[in-house]
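Undergrad: Before I ask anything, here is the structure I am working with.
The values are calculated or read from the model by the stated rules, or taken from the named source; none is laboratory data. No experiment lies behind these values; they were computed from the predicted model shown. Reconstructed Cβ throughout: ideal geometry from the backbone, glycine too, with neighbour counts over all protein chains shown.
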Amino acid sequence: MSYLLPHLHSGWAVDQAILAEEERAVVIRFGHDWDETCMQMDEVLASVAETIKNFAVLYLVDISEVPDFNTMYELYDPCTIMFFFRNKHIMIDLGTGNNNKINWALKDKQEFIDIVETVYRGARKGRGLVVSPKDYSTKYRY
């Protein structure tokens, strides 16, 4: 499913994608196209892309092709979703302790739409940390 979404092939392209978008949230999936977890997430991303296009834009970044952000954003997981709004990283409280990113594949499309909408609404109000509509503290076992 990753072929349906735009890829960013350099650190500069990632920076420009985050900088250039003024009105919508930028959702970036860091990971590998061949990874099973990323494939599941990409399927959800591709299916909701049309629905959320008015308030969010989706990009994919291969962390081995663009290693520039691996240390800065601590991208050690197979699949990571991060949110940005007007050149600012938006953190999201999912109840897991890690507020910087989502590092597992969401399988429910509506769940992901709700999260992106929450991020967008909170970011528009100037919040740097938003609370997820669902608590994942018990759902995702470490």
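Undergrad: Is it the case, given these coordinates, that residue 48 is under 13 Å from the mean Cα position of the chain (by Cα) and over 13 Å from residue 107 (Cβ atoms)?
TA: no
Undergrad: Also, I was wondering about something else. Would a scan of the stretch 32-45 turn up a residue that is without any contact (Cβ under 8 Å) to a residue 60 or more places away in the chain, within 21 Å of residue 90 (Cβ to Cβ) and in a loop (DSSP other than H, G, I, E, B)?
TA: The answer is no, given that none of the residues of the stretch 32-45 is without any contact (Cβ under 8 Å) to a residue 60 or more places away in the chain, within 21 Å of residue 90 (Cβ to Cβ) and in a loop (DSSP other than H, G, I, E, B).
Undergrad: In the set 112, 55, 83, 30, which member is closer than 25 Å to residue 136 by Cα and touching a Lys or Arg at 6+ places or on another chain (Cβ under 6 Å)?
TA: Criteria check complete, one pass: 55.
Undergrad: Considering 65, 36, which residue is acidic (Asp, Glu) and either out of contact with any Ser or Thr (no Cβ under 9 Å at 6 or more places or on another chain) or under 17 Å from residue 107 (Cβ atoms) (or both)? Steps first, answer last, please.
TA: Numbers: 65 fails: either out of contact with any Ser or Thr (no Cβ under 9 Å at 6 or more places or on another chain) or under 17 Å from residue 107 (Cβ atoms) (or both).
Just a single option satisfies the conditions, and that option is 36.
Undergrad: Cβ-Cβ under 7 Å, sequence separation 6+ or interchain: first residue in the stretch 87-107 and charged (D, E, K, R) and surrounded by fewer than 20 Cβ atoms within 10 Å (Cβ to Cβ), partner assigned to a loop (DSSP other than H, G, I, E, B) and at pLDDT below 90. Which pairs?
TA: Listed pairs, sorted by first residue: 93/99.
Undergrad: In the stretch 46-67, which residues are out of contact with any Leu (no Cβ under 9 Å at 6 or more places or on another chain), within 19 Å of residue 20 (Cα to Cα) and either among the hydroxyl-bearing types (Ser, Thr, Tyr) or surrounded by 14 or more Cβ atoms within 10 Å (Cβ to Cβ) (or both)?
TA: Residues satisfying the conditions are 55, 56, 57.
Undergrad: Hey, another quick one. Within the stretch 109-123, can one find any residue that is part of a loop (DSSP other than H, G, I, E, B), surrounded by fewer than 20 Cβ atoms within 10 Å (Cβ to Cβ) and modelled with pLDDT under 95?
TA: Within the stretch 109-123 (the criterion being part of a loop (DSSP other than H, G, I, E, B), surrounded by fewer than 20 Cβ atoms within 10 Å (Cβ to Cβ) and modelled with pLDDT under 95), the answer is no, since none of the residues qualifies.
Undergrad: So which pairs qualify, if the first residue must be in the stretch 55-83 and more than 22 Å from residue 118 (Cβ to Cβ) and without any contact (Cβ under 8 Å) to a residue 60 or more places away in the chain, the second must be among the small types (Gly, Ala, Ser) and buried (at least 17 other Cβ atoms within 10 Å of the Cβ), the Cβ gap must be under 7 Å, and the two must be at least 6 apart or on different chains?
TA: Final answer for the pair search is 63/31; 78/31.
Undergrad: Which numbered condition in (1) under 14 Å from residue 6 (Cα atoms); (2) exposed (fewer than 14 other Cβ atoms within 10 Å of the Cβ) is the only one that residue 71 fails?
TA: Going through the list (1) under 14 Å from residue 6 (Cα atoms); (2) exposed (fewer than 14 other Cβ atoms within 10 Å of the Cβ), residue 71 breaks only (1).
Undergrad: So in the stretch 1-27, with the set limited to residues that are touching a residue at least 60 places away in the same chain (Cβ under 8 Å) and part of a helix (DSSP H, G or I), which one is farthest from the chain's Cα centre (by Cα)?
TA: For the stretch 1-27, the residue satisfying everything is 19.
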